[in-house]
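Each reported figure results from applying straightforward, stated rules to the coordinates on display, with no laboratory input. Keep in mind the model is a prediction, meaning the values are calculated, not measured. Cβ placement follows ideal geometry from the backbone for every residue including glycine, while neighbour counts extend to all protein chains displayed.
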Amino acid sequence: MTSRMPISGHRTSSSSSERGNMSVQQGKKPVVPGTSSGEDSSRPSTSYPQVPPAPLRPGWTLSRDSSVVRGINGDFHPGAQTPMSGMTHASWLTNNGNESNLSFTSSIMQEEAKLRWDSDEELKKMSKSMLRLQKWSLIIGLAGINGALIYIGWKYYQVYYFFLVLLSSNTVLQSFMCICIILHWFCTRVLCFWWRPKENIPAEPEKMVLLLPCYNETYEELTRSLDSLIAQKHIDNHPRVIFIVVDGNVRGPGMEKTTQEYLLQDILEPGPSRTFENGYRARDGLFMPVKTQTGFYKGIPYVFVGKRYNQGKRDSLCFARSLLYHFKQRSENVVTMFNNDLFEYIGNNFINAGLDDVTYLCGMDADTVFDEDCIYEMIVEIRKNPKVVGVCGHVCVDFDGSNWGYWSLYQSVEYSQTQGLRRMFQSRITGKVNCLPGCCQLIRVDEATFGDAVLRERFGYCPKPNDIMTQHIMGNYSEDSIHASIIFSLFPGCQTAQALRAKAMTIVPQDWKVFLSQRKRWALGSISNEFVMIFRPGIILIERLQSLIAVITWAITPFIIAAFVELLMVFAKRGKEVMSDPVFLGLICVLFFRYLYSFCIGFWLPRNNLERLQYFVGYVMHLFTSPFMNIIILVYSLFHSDDFKWGKTREVIRGEKDTDDAGGRGTH
């Protein structure tokens, strides 16, 4: 009877490979299959070297596969016969392995060869974690500050007078602005008999480039904007070129074609085209392929530049502004962002269009329409003072047939009050308008505005993953106000102004999603810029004070609203007693004066009676709903402060966006 010893105590298998196995004992001959261990075989025996059993290594599995296969592969000397096969290395070579009764089959699959971790992906995750941590730290900090202020104000009446200073600082500052504007009007219009600064008309008309940055605008929006440029009056003697820069090749919801296809196929007249695989170095540090085309649009020459990838509006502005500056300077042997072939190509087209020099850059958005005198009024304003390097127009809401919609009326009042108070004060008194809206601006092409120190080193800065949240916000939002603050810091002698006669109508959000997405960018961008302006060198004192008060007011908005509610309760309970307090009475008068000035804006800023009526209706709506709007915008902005996508504001078709952003080139 044949005896078998199970290996490692496992169940004996009847497979062919197992039938060839033999038990090995140290100091004994192997047992040959077919004989018992106790009988002497009469067959001639073969001497085998004694091989000690392979010691088990830590972690080895006590299984047939591991003990046999690992033992054969790693624990026998070369040329030794294994107890399984009865073969030597020499016999294996002689017989080409044909006599082996062992076999091994497998169906495993090997994993793909890739790095254990992606450095770029891990860096992005770490950046998001840092931004999320900063966001929650800011939220918790502001909640704690406002909660403490509300509790102290409710509990301890002794701090009322301190809180009055804190609560009334913004109102007092705005009232001071109102008084300065009124005094300026009285001095220039009454005492000086309608004196106006003299317009310095040059011997030759200034030459201009009309910049139109685009992204996902529709056919109707593009044609309305371009036609408004063609319809401008009093500038026929000014040589000019329309410079169209399209950021990526995408289409928005409901669009049959991309913006580039609308322009090249349906809107612009055909002309010579050329593609540059290396057009310029974009904000992300990589070379940007561009497609160019030149020709005429209704008699005005144009230069079209279509970027293959989306890199954001700021990248388009850096490209166009820096190109105009170096073209004006006739830069030679200097390092720029441009491929020399593209730079020469566009420069030659400017010269062929009659622009051997560029004095002004007029900027607008592709969803904006200029009034027929808009550009002329901005030229008149910038001519008055050689220190002025930029002028903005009066941005109005485009009601587009819906004259009484809530969203249009509310935002129209916001626009009018901002431009009729603080921006007007900056233009008339300080000469430091801290925001030149990109939808309606005229900027002098100069070292102070478009030089490398302003554009490439600061304005065009692309945030690193480990930058703090403020740097990320300023690198993605509010490029117009940030550009102005950089100019004031590096060139304190420069001034900016506002031309209220230069009207431009822009489309505004008409639902909550788009409205909150836009206001989040405006709120975070402007308040970050105000915070930085407190510490920037070269900023005048009054602007630092305005920035400081703006930051404080934004931070304690919940406390201000809670204090206002408490004030209403006090009036309801002790109205006569409150009105007899001279301090409260004085503050109420200041507050009333501020709102009276805002109400009077409706008499002199609108152009006609319809716009005046729209303003007064919107004023009442804004008066009662703005506190709630401010809280909603504040909360939404804080909870989405680590998300730097444009959201619903510039929505595109998802499949188109993925294609456009291939290779990690997208920014939105």
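Compactness of the stretch 267-351, taken as the C-alpha radius of gyration over 2.2 N^0.38 Å, stands at 1.08. Per residue, the convex hull spanned by the Cα atoms of the stretch 142-201 amounts to 115 cubic angstrom.
Remark on the stretch 552-637: ratio of C-alpha radius of gyration to 2.2 N^0.38 Å is 1.34.
The Cα atoms of the stretch 100-164 cover 101, 23, 11 Å along the three principal axes, with the biggest extent listed first. When each of the peptides 414-426, 627-639 is scored by the mean number of other C-beta atoms lying within 10 Å of its residues, the order from highest to lowest reads 414-426, 627-639. Name the GluC sites (Glu not before Pro) in the stretch 320-389 that are in a loop by DSSP and that have at most 14 other C-beta atoms within 10 Å, would you? Here the GluC sites (Glu not before Pro) that fit, given the DSSP loop and packing criteria, are Glu332, Glu372. Close amide-amide hydrogen proximity is noted between Val388 and Gln495, each under 5 Å apart and 5 or more residues distant or on a separate chain (H modeled in the peptide plane; Pro and chain starts excluded). Counting only residues at least eight positions apart within a chain, or on another chain, the lysines with an alpha carbon under 20 Å from that of Lys464 are Lys124, Lys125, Lys128, Lys135, Lys313, Lys645. Straight-line reach from Lys503: taking Cα to Cα under 21 Å and skipping same-chain neighbours fewer than 8 places apart, the lysines in range are Lys233, Lys384, Lys432.
The phi torsions of the stretch 542-550, fed into the Karplus equation with coefficients 6.51, -1.76 and 1.60 and a -60° offset, translate into couplings of 5, 6, 4, 5, 4, 5, 4, 5, 4 Hz, rounded to whole numbers, with Gly and Pro shown as x.
Packing order of peptides 491-497, 211-217, highest average first: 211-217, 491-497 (average count of other Cβ atoms within 10 Å over each peptide's residues). For the peptides 429-437, 231-239, 538-546, the ranking by mean Cβ contacts within 10 Å, running from highest to lowest, is 429-437, 538-546, 231-239. If the Kirkwood radius is taken over C-alpha pairs of the stretch 202-366, then at 20 °C and 1.002 mPa s the Stokes-Einstein diffusion coefficient equals 133 µm²/s.
Sequence-ordered 3J(HN,Hα) estimates for the stretch 467-481 from the Karplus curve with 6.51, -1.76 and 1.60 and θ = phi - 60° stand at 6, 6, 4, 4, 5, 5, 5, 6, x, 10, 10, 6, 5, 5, 6 Hz, glycine and proline given as x. Annotation for Leu164 and Lys125: the two label points, set 7 Å from Cα along the Cα-Cβ direction, are 5.7 nm apart. In plain terms, the bigger the Kirkwood radius, the slower the diffusion; for the stretch 368-447, with that radius from Cα pairs, at 20 °C and 1.002 mPa s, Stokes-Einstein puts D at 154 µm²/s. Taking a straight Cα-Cα cut-off under 24 Å and skipping sequence neighbours fewer than 8 places away in the same chain, the lysines within cross-link reach of Lys155 are Lys573, Lys576. Here r is the Cβ-Cβ distance between Glu577 and Lys645 and R0 is 45 Å; the resulting FRET efficiency, rounded to 0.05, is 0.30. With θ taken as phi - 60° and the Karplus curve 6.51 cos²θ - 1.76 cosθ + 1.60 applied, the whole-hertz 3J(HN,Hα) list for the stretch 519-532 is 5, 4, 5, 5, 5, 5, x, 5, 6, 5, 5, 4, 4, 5 Hz, x standing for glycine and proline. Residues whose amide H lies under 5 Å from that of Met364, counting only those 5 or more places away or on a different chain, are Leu211; hydrogens are built 1.01 Å from N in the peptide plane.
Compactness of the stretch 427-578, taken as the C-alpha radius of gyration over 2.2 N^0.38 Å, stands at 1.28. In this structure the amide hydrogen of Phe296, modeled in the peptide plane, comes within under 5 Å of the amide hydrogens of Glu269, Tyr302, none closer than 5 places in sequence on its chain.
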